[in-house]
Amino acid sequence: MSKRSERKSEAQVWDWRVPRRIDGPAAPTRASTALVVGFDRHAASRRALEFAIELGAGLRAYLHVAHVVDTEDLPIDPDSDDWEARICEALDRERRACAVLATSAGNWTYHGRAGDPAKVLIALADADDAAMILIGTPRRDLMARIDRLLGESVSARLVHHSHRPVVLVPHNTVARLGTGSGTGRKPD
C-alpha cells in the first residue's frame with residue numbers, strides 16, 4: 001500500500017469534522033471547579049495552557065483544553081488527493097497539548113472539533129460551569145489585526161458573549177503561581 005493510500009484510509013477512519021475527545025487519567029482528588037483553555041500552535045496558546053495547569057493545580061480544577069479547527073489547520077490546495085489526510089495530520093500535531101497535560105496531576109480532557117472558536121469555548125465552559133476561560137493573547141499578524149478592528153477576534157467575542165471571566169495569557173508571561181511575593185516578579 002502506498003503512503004498516499006495509507007493516508008487516505010486513515011482520513012476515512014477519522015472524520016475531522018466529528019468532535020474528538022481524549023480524557024486524561026483521573027487525578028487522586030476530585031476537582032472543585034473547571035477551567036476551559038483554548039489551544040493552538042502559537043506560543044501564547046502554549047503558555048496559556050501551562051498557566052492553566054499551574055492555576056488548575058492550586059484550584060483543584062478540571063481542565064478542558066480545546067483546539068478548534070481553523071484555517072491554519074487546512075492545507076492550501078483543497079483539490080489535492082490527500083487534503084483530508086493532511087487536515088488529520090495537522091490536528092494530530094495539535095494534540096501535543098496532551099503531552100503537556102500529561103505532566104499535570106489534575107483531571108483533564110482534550111477536545112478537538114470544528115466550529116467557531118468562541119462558541120466552542122463558551123459551550124464547553126457552560127457545560128461544566130467553568131470558573132473562567134483562558135486563551136493566549138491575540139496574534140499580531142495582519143489578519144488578526146483586521147479581526148480585532150472588526151470586533152471579530154476570538155478574545156473580543158469571548159469577552160462580549162461569555163458571562164465568565166476571560167483570561168488572556170501573553171506568550172512571555174513569567175509570573176509563576178505559588179511563588180514570589182505576589183508582585184508578579186520572579187522570585188529571587
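Being in a helix (DSSP H, G or I), modelled with pLDDT of 65 or more and surrounded by fewer than 19 Cβ atoms within 10 Å (Cβ to Cβ): is that true of Ala52 here? So Ala52 does not fit the description; no.
Conditions tested, residue by residue: (1) aliphatic (A, V, I, L, M); (2) at pLDDT 80 or above.
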residue	(1), (2)
Ala90	yes, no
Tyr110	no, yes
Glu152	no, no
Val166	yes, yes
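In segment 120-131, the residues that are within 18 Å of Asp40 (Cα to Cα) reach residues that are open to solvent by less than 70 Å² (accessible area, probe 1.4 Å) and polar (S, T, N, Q) with C-beta atoms within less than 7 angstrom, at least six apart or across chains, in these pairs: Ile122/Ser162; Ala125/Ser162. Ala85 meets each of the listed conditions (1) modelled with pLDDT under 80; (2) more than 14 Å from the chain's Cα centre (by Cα); (3) open to solvent by 30 Å² or more (accessible area, probe 1.4 Å) apart from (3).
The values are calculated or read from the model by the stated rules, or taken from the named source; none is laboratory data. All values reported here derive from a predicted model rather than from experimental measurement. Methodologically, a virtual Cβ is constructed for each residue, glycine included, from the backbone with ideal geometry; neighbour enumeration extends over all protein chains shown. Heavy atoms of the whole protein, side chains included, go into the accessibility calculation; ligands, DNA and RNA do not. Shrake-Rupley method; radii C 1.70, N 1.55, O 1.52, S 1.80 Å.
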